[in-house]
Amino acid sequence: MADLAPGFATAAFRLDGKRALITGGRGALAEAMAATLADLGCAIALASRNGDECAAIAARIAERFGTPAIGLSCDIADEASVEAAVAKVVAELGGLDLLVNNAGASWWGLPQDIPLKGWRKVMDINVTGTFLACRHAARHMLAHGGGAIINIASVGAFISYRPEEGQVVPYTTSKAAIVHLTSDLAAQWAGQGIRVNAIAPGSIETGMTETLDPAIQEKTRAGILLGRFGRPEEISGTLALLASDAGSFITGQTFLVDGGQSLG
């Protein structure tokens with residue numbers, strides 16, 4: 001048995017010397033995730049098509065937590081761009097131990113009216129983009145002893161909405177695909193030192209939730225057992241667990257962080 005000395009549980013969550021790439025690296029949720037990992041000692045790279053905004057967040061993280069942090073441009077649906085981003089992270093941070101796939105897109109509309117370009121955009125970013133980031137990060141991890149990948153799914157992967165609640169069939173379908181992709185990749189790479197898990201947030205006080213009509217927001221809130229939307233930082237505990245040795249015996253799982261929304 002391991003030495004269960006005072007401080008062993010705290011130490012298990014530390015990420016000192018680790019390097020993480022967060023895709024979809026702009027916005028409040030990405031910043032909260034970057035802050036979580038940085039607070040545990042991890043160096044951070046944030047990537048999105050808006051490299052300037054990623055760089056601004058990285059500067060705040062570096063100043064606040066005293067850990068290396070960089071921002072870079074990356075089109076998650078373009079393989080050459082993803083490959084270049086991973087290479088830049090490895091070059092500038094000295095390696096890559098953690099990948100958080102946070103890039104995402106949605107398209108609103110009744111399924112009979114959604115244009116094919118809308119469907120393809122969501123699938124290209126949410127599914128293909130996640131796969132590309134996993135593949136190129138894993139190539140480095142496989143050559144350097146392993147790592148951890150955390151895909152950001154959604155409570156929408158487990159809920160089917162009526163039209164008055166949500167018209168987001170491409171989004172929910174893509175997030176359900178992420179759940180299965182996560183378990184498939186976990187099965188493929190478990191023997192080579194890579195753990196792959198997913199977090200499925202519920203409605204969070206940022207991003208897509210804020211774009212919903214106020215009446216739909218209120219209806220959604222009423223269906224959450226805890227009676228409110230989540231805060232970006234409420235993803236932190238689950239992220240810390242899955243990124244660190246505290247979660248060393250967890251792989252292939254999707255963790256709902258939804259305030260009971262999937263049960264409401």
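A few comments on the model shown:
- Selected residue (only one of Ala43, Ala47 is farther than 30 Å from Pro170 by Cβ, surrounded by 23 or more Cβ atoms within 10 Å (Cβ to Cβ) and under 19 Å from the mean Cα position of the chain (by Cα)): Ala43
- Arg19, sole failed condition from (1) in contact with a strand residue (DSSP E or B) (Cβ under 7 Å, 6 or more places away or on another chain); (2) among the basic types (Lys, Arg); (3) surrounded by fewer than 17 Cβ atoms within 10 Å (Cβ to Cβ): (3)
- Close pairs from the range 88-108: first touching a residue at least 12 places away in the same chain (Cβ under 8 Å) and at positive phi, partner part of a loop (DSSP other than H, G, I, E, B) and surrounded by fewer than 19 Cβ atoms within 10 Å (Cβ to Cβ), Cβ under 7 Å, at least 6 apart: Gly95/His144
- For Arg64, the conditions (1) within 23 Å of Met208 (Cβ to Cβ); (2) of a type in the set (Lys, Arg); (3) outside any loop (DSSP other than H, G, I, E, B) all hold with the exception of (1).
Yes/no per residue for (1) at pLDDT below 95; (2) buried (at least 23 other Cβ atoms within 10 Å of the Cβ); (3) over 19 Å from Thr67 (Cβ atoms):
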position: Ala84; (1), (2), (3): no, no, yes
position: Lys88; (1), (2), (3): no, no, no
position: Leu93; (1), (2), (3): no, no, no
position: Val100; (1), (2), (3): no, yes, no
position: Trp108; (1), (2), (3): yes, no, yes
position: Ile114; (1), (2), (3): no, no, yes
position: Lys117; (1), (2), (3): no, no, yes
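- Scan of the range 246-264 for residues that are more than 18 Å from the chain's Cα centre (by Cα) and not small (Gly, Ala, Ser), ordered by number: Phe249, Gln261, Leu263
- From the options Thr206, Thr238, Thr254, Thr182, residue that is surrounded by 13 or more Cβ atoms within 10 Å (Cβ to Cβ) and closer than 16 Å to Ile159 by Cβ: Thr254
- Annotation: Arg26 fulfils all but one of (1) assigned to a helix (DSSP H, G or I); (2) charged (D, E, K, R); (3) within 13 Å of the chain's Cα centre (by Cα); the unmet one is (1).
The values are calculated or read from the model by the stated rules, or taken from the named source; none is laboratory data. It should be emphasised that the depicted structure is a prediction, and the values quoted were computed from it without experimental measurement. Every residue, glycine among them, receives a Cβ derived from its backbone with ideal geometry; neighbour counts consider all protein chains shown.
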